[in-house]
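Participant: Sharing a structure below in structure tokens format, with a few things to ask.
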Amino acid sequence: MPFAPYNDCSIEYFVEGSGNGLVLIHGTGQSAGNTWPEVVKHFAPTRRTVCPNYSGSGKTTDSGSALTVSLLAEQVLAAADHAGVERFAVAGHSLGTCVAMHLAAHYPDRVEKVALLAGFISAEDARSQLQFRMWKEMADTNPRMLAEMFLFTAFSPRFVEAMTDRAIKAAVDEIYRSTDWKGASRQISLDLTLNMAQEARMIQQPTLIIGCQQDFIIPPSHTKALFGHMPHAEYREMNAGHGGVMEKPVEFINLLDSFLKQ
């Protein structure tokens, strides 16, 4: 896969298709490869689709310093530049929504439309702080337990209940094997500091906000709070857990496709 240079970083990204640009940004502890494959498959025939792995994910490398949203946004922009994409729609999931908001707010000449799945304004509330502190401790001391926690909390109860014991073990093994836990820990440290209210108010582009009704990680009330900050936003919901794009990819694709065609 190609790598885009940016200062002391080398950003791994995936690119497919041709046409208008679409940039997809993953969330905490995730990667482009395990978040967006179905979405890329749908849009690549009509759009040049770029999926970066920002610092802490995939094979991207950097200096190892503390992460900021602006750094991750600049890495995503460097990947788009390297892929030859000047203007694009951007879709983000979870922490990726914060990166997408930063891009839309600070690079309005580059970003045409914005889609935010399971996003949030701030992680400063007591519940979010508790959650991310637990994640951080597990990432640093017992990452397999965090892999189990990710599976348990990222999907709706019905989705997990339908899995066999063997499928659950295989899923946990894959999360544990494929995650860069030191990188995830750095991303979680960033989660603990987030407040995107200023950037949200700056966004003038058409924006689609998608909440997940059974989201235990980012409750839909947090995602709805984004709606009041953006003048050109619409709100939709999926009956899914936090990982709605993986749990119900067709439903997410249909929502995104309809929005991009407006």
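The values are calculated or read from the model by the stated rules, or taken from the named source; none is laboratory data. Quantities reported herein were computed from a predicted structural model and do not represent experimental measurements. Glycine also receives a Cβ, built like all others from the backbone with ideal geometry; neighbour counts cover every protein chain displayed. We work out accessible area using only protein heavy atoms, side chains counted, and drop any ligands, DNA or RNA first. Shrake-Rupley method; radii C 1.70, N 1.55, O 1.52, S 1.80 Å.
Participant: For region 127-262, rounded, prolate or oblate, judged on the Cα gyration tensor with a ≥ b ≥ c (square roots of eigenvalues), a/c < 1.5 rounded, else prolate if a/b > b/c?
Facilitator: oblate
Participant: Further question: Tell me whether the chain comes out rounded, prolate or oblate; compute the Cα gyration tensor, take square roots of the eigenvalues as a ≥ b ≥ c, and use a/c under 1.5 as the rounded threshold.
Facilitator: Taking the square roots of the gyration eigenvalues as a ≥ b ≥ c, the chain is rounded.
Participant: Determine the sum of side-chain charges near LYS59: Lys and Arg each +1, Asp and Glu each -1, restricted to other residues whose C-beta is under 14 angstrom from that of LYS59.
Facilitator: -2
Participant: Excluding ligands, DNA and RNA, what is the solvent-accessible area per residue of region 1-88 at a probe of 1.4 Å, expressed in Å²?
Facilitator: So region 1-88 comes to 39 Å² accessible per residue, rounded to a whole number.
Participant: Right, another one. Based on the mean of other beta carbon atoms within 10 Å per residue, what is the order of 95-102, 68-75, 198-205, most packed first?
Facilitator: On the way: 95-102: 28.8, 68-75: 20.5, 198-205: 18.4.
The most tightly packed comes first, giving 95-102, 68-75, 198-205.
Participant: A follow-up question, please. Rounded to the nearest percent, how much of the accessible area of region 80-165 (1.4 Å probe, protein heavy atoms only) is carbon and sulfur?
Facilitator: That fraction is 56 percent.
Participant: Cross-link candidates for LYS41: which aspartates and glutamates have Cα within less than 17 Å, leaving aside residues fewer than 8 places away along the same chain?
Facilitator: Reachable aspartates and glutamates: GLU16, GLU247, GLU251, ASP257.
Participant: Looking at the chain as a GNM with Cα springs under 10 Å, which of GLY19, GLY33, GLY183 has the largest mean-square fluctuation?
Facilitator: So, out of GLY19, GLY33, GLY183, the one fluctuating most is GLY19.
Participant: Here's something else I'd like to know. Among VAL15, VAL90, VAL23, which one moves the most in a GNM of the chain with springs linking Cα atoms closer than 10 Å?
Facilitator: So, out of VAL15, VAL90, VAL23, the one fluctuating most is VAL15.
Participant: So, for region 162-230, what is the accessible surface per residue at a probe of 1.4 Å, expressed in square angstrom?
Facilitator: Numbers: 3400 Å² over 69 residues.
About 49 Å² of surface per residue is accessible.
Participant: Now for a separate question. Which residue, LEU117, LEU151, LEU22, has the most motion in a Gaussian network model of the chain that connects Cα atoms within less than 10 Å?
Facilitator: Maximum fluctuation in the GNM of the chain, among the listed residues, is at LEU151.
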